[in-house]
Amino acid sequence: MAIIIDGKVLAKKIRENLKVECEQLKEQGLHPKLAVIMVGNNSASKVYVRNKSKACDEIGIEYEEYLLEENITQQELNSLIEKLNQIKEVNGILLQSPIPEHLDINQAFKTISYQKDVDGFTPSSVGKLTIGEDTFISCTPYGVMKMFEEYNIDLTGKDVVIIGRSNIVGKPLAQCCLSKNATVTICHSKTKNLKEHTKRADILIVAMGKPKFVTKDMVKEGAVVIDVGTNQTEEGKLVGDVDFENVEKIASYITPVPGGVGPMTIAMLMNNVIKATKEQNNENTTF
Ligand code: NAP
């Protein structure tokens, strides 16, 4: 049976450390603040945003929410971001996705000042990650890397197979794993013979958004399995992209859903807000 990688416990530990750092910053007169922009009425986004606000509260990060109408124009959205870029008291800006289809999310991301890019989605952050410079790493990949670190999972020379090539998960994760000397394969919906790839993975990371897609026969005995997927069943239950009950029997390590990657994503967002506050005020960062 696999060792369960407990994202809840690790995320709690990270949040507790951040709370101490946040208190220290406040003693110096610095008050970390996150501004979250949400466009329209997406119910899943509301849950994500609520969780982020709760985490801010717990750590002592100030939190401000901007709820924009569904029919807002690109110019209005960009103007709000530009306004927030200028406000010194706002240390981090997060645009909650998805946004309505008539808006260009990449254009909006490009408008976010690099110094406040706590989600790590601006071209500057992505570029710096690619060339191995210190930057804001997007929160889900960063959370996965923290899990490897905590459980002493060394990536050097390992075959890492990632299913999913999104800009927010798959691609930055590939960069992170490459920087830890793994041999990385990225699979996607056009990949031929997916199982041949997954079956040889020492570390299999799944970020597809397809409930229980990865079954036991697709996984090598002893592999580390990281399940990024979050899917709601018809009964309202949260499940991952991996058939956890069966894959757990042959994996060496596995993340559960819920309680795996999800809590880590929020913890690393909080980490990035503290990092942004320090860097904007020329403090050393710990992560
Ligand atoms: P996305 O943008 O929809 O990307 C999904 C990826 O999966 C795409 O690259 C797609 O390939 C690939 N894919 C879909 N069906 C496939 C198939 N049959 N075979 C191989 N590849 C396939 O999703 P995302 O934003 O990366 O998110 C992925 C999942 O992670 C979702 O469930 C999301 O809710 C979850 N998520 C969780 C967290 C967290 O904190 N736990 C954070 C972010 C996302 P193509 O590129 O060819 O279409």
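Only the coordinates and a few stated rules stand behind these numbers; no lab work does. Fair warning: this is a prediction, and the values are worked out from it, not measured in the lab. Glycine gets a Cβ as well: all are built from the backbone with ideal geometry, and neighbour counts include every protein chain shown.
Put simply, when 171-179, 190-198 are sorted by average Cβ atoms within 10 angstrom per residue, most first, you get 171-179, 190-198. Helix 43-59 and the longest principal axis of the Cα set of the chain meet at an angle near 70°. When the inverse distances between all different Cα atoms of the stretch 158-274 are averaged and flipped, the Kirkwood radius reads 14.4 angstrom. Taking the chain as a Gaussian network of alpha-carbon nodes connected by springs under 10 Å, the highest mean-square fluctuation of the residues Ile163, Ile153, Ile137 belongs to Ile153.
Remark: spin-label model distance Leu194-Tyr114 equals 3.7 nm, labels positioned 7 Å along the Cα→Cβ axis. Prolate is the label for the stretch 199-241, because a/c, from the alpha-carbon gyration tensor with a ≥ b ≥ c as root eigenvalues, is 1.5 or above and a/b exceeds b/c. Computed extension length for Asp217-Gln24: 64.5 nm, one decimal, from 0.36 nm per residue of separation with the Cα-Cα distance subtracted. The value obtained for the chain, namely the Cα convex hull volume divided by the number of residues, is 128 Å³ per residue. Across the stretch 60-159, the relative contact order, built from alpha-carbon pairs under 8 Å that are at least six residues apart, equals 19 percent.
If both residues of a DSSP beta bridge must be in the chain, then about 5% of such bridges are antiparallel. Largest mean-square fluctuation among Lys88, Lys110, Lys275, in a Gaussian network model of the chain whose springs join Cα atoms under 10 Å apart, belongs to Lys88. Of Pro211, Pro32, Pro141, the residue with the greatest mean-square motion in the GNM of the chain, using alpha carbon springs below 10 Å, is Pro211.
Take the alpha-carbon centre of the stretch 182-246, take the same for the stretch 94-129, and report the distance between them in whole Å. Spelled out, the Cα-based centre of one part sits 27 Å from the other. At q = 0.16, 0.18, 0.20 Å⁻¹ the log10 of I(q)/I(0) for the stretch 1-63 amounts to -0.66, -0.77, -0.86, computed by Debye summation with a single uniform scatterer per C-alpha, solvent ignored. Sorted on the mean count of surrounding Cβ atoms within 10 Å across their residues, most packed first, peptides 63-72, 3-12 read 3-12, 63-72.
In summary, the convex hull built on the alpha carbon positions of the stretch 219-269 has an orientation-averaged projected area of 3.8 nm². Calculated on the alpha-carbon coordinates, the convex hull of the stretch 120-186 measures out at 76 cubic angstrom per residue. With R₀ set to 30 Å, the beta-carbon distance separating Ser179 from Thr233 gives a calculated FRET efficiency near 0.25.
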